[in-house]
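K.L.:
Before I ask anything, let me first share the structure, which is written out below as structure tokens.
The values are calculated or read from the model by the stated rules, or taken from the named source; none is laboratory data. Predicted, not measured: the structure shown is a model, and the values here were computed from it. Using ideal geometry, Cβ is built from the backbone for each residue, glycine included, and neighbour counts are taken over all protein chains shown. SASA here: full protein model, heavy atoms, side chains in, ligands and nucleic acids out. Shrake-Rupley method; radii C 1.70, N 1.55, O 1.52, S 1.80 Å.
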Amino acid sequence: MKIKAARAYVLGVKKTRVFFLGALFVFISFVFLINGLSLIQAAFFTYSSWSSEVRFFIALLLGALEFFGAIGILIYLFREETWGKVFEIHKVVNSVVNQEDKNSKA
């Protein structure tokens, strides 16, 4: 029974992680897109005396940096290892496995 409960707990954490991954990915992507593409580039282009080619190149670099930064943060936050540490899945699994070992030895 405890193995089934632990399995349900781990599955629940996994499904919750996937749900939050989807919801926060959409939310954070829009926030980064709106803030990054409008505010940073507008500040650079308004107050700089660069040519249009240099501005285009800088905008391309900033867009790539913001995109890969957002992807990196999301990958780190929603790894299974990170969520396993937060919800202490290893303790639940170890307690069930240790108790099963004690029951099988007795």
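K.L.:
Could you check Glu81 against (1) in contact (Cβ under 8 Å) with a residue 12 or more places away in the chain; (2) open to solvent by 100 Å² or more (accessible area, probe 1.4 Å) and say which number it fails?
P.N.:
(1) is the only condition that Glu81 fails.
K.L.:
For Val96, state whether it is surrounded by 14 or more Cβ atoms within 10 Å (Cβ to Cβ) and touching a Lys or Arg at 6+ places or on another chain (Cβ under 7 Å).
P.N.:
Details: surrounded by 14 or more Cβ atoms within 10 Å (Cβ to Cβ): yes; touching a Lys or Arg at 6+ places or on another chain (Cβ under 7 Å): yes.
Judged against the criteria, Val96 is a match.
K.L.:
Only residues that are open to solvent by 80 Å² or more (accessible area, probe 1.4 Å), among the small types (Gly, Ala, Ser) and part of a loop (DSSP other than H, G, I, E, B): list them for the stretch 45-74, please.
P.N.:
Across the stretch 45-74, the qualifying residue is only Ser49.
K.L.:
Being open to solvent by 50 Å² or more (accessible area, probe 1.4 Å), hydrophobic (A, V, I, L, M, F, W, C) and closer than 19 Å to Lys91 by Cα is the filter here; which residues of the stretch 11-44 pass it?
P.N.:
Answer for the stretch 11-44, where residues must be open to solvent by 50 Å² or more (accessible area, probe 1.4 Å), hydrophobic (A, V, I, L, M, F, W, C) and closer than 19 Å to Lys91 by Cα: just Leu11.
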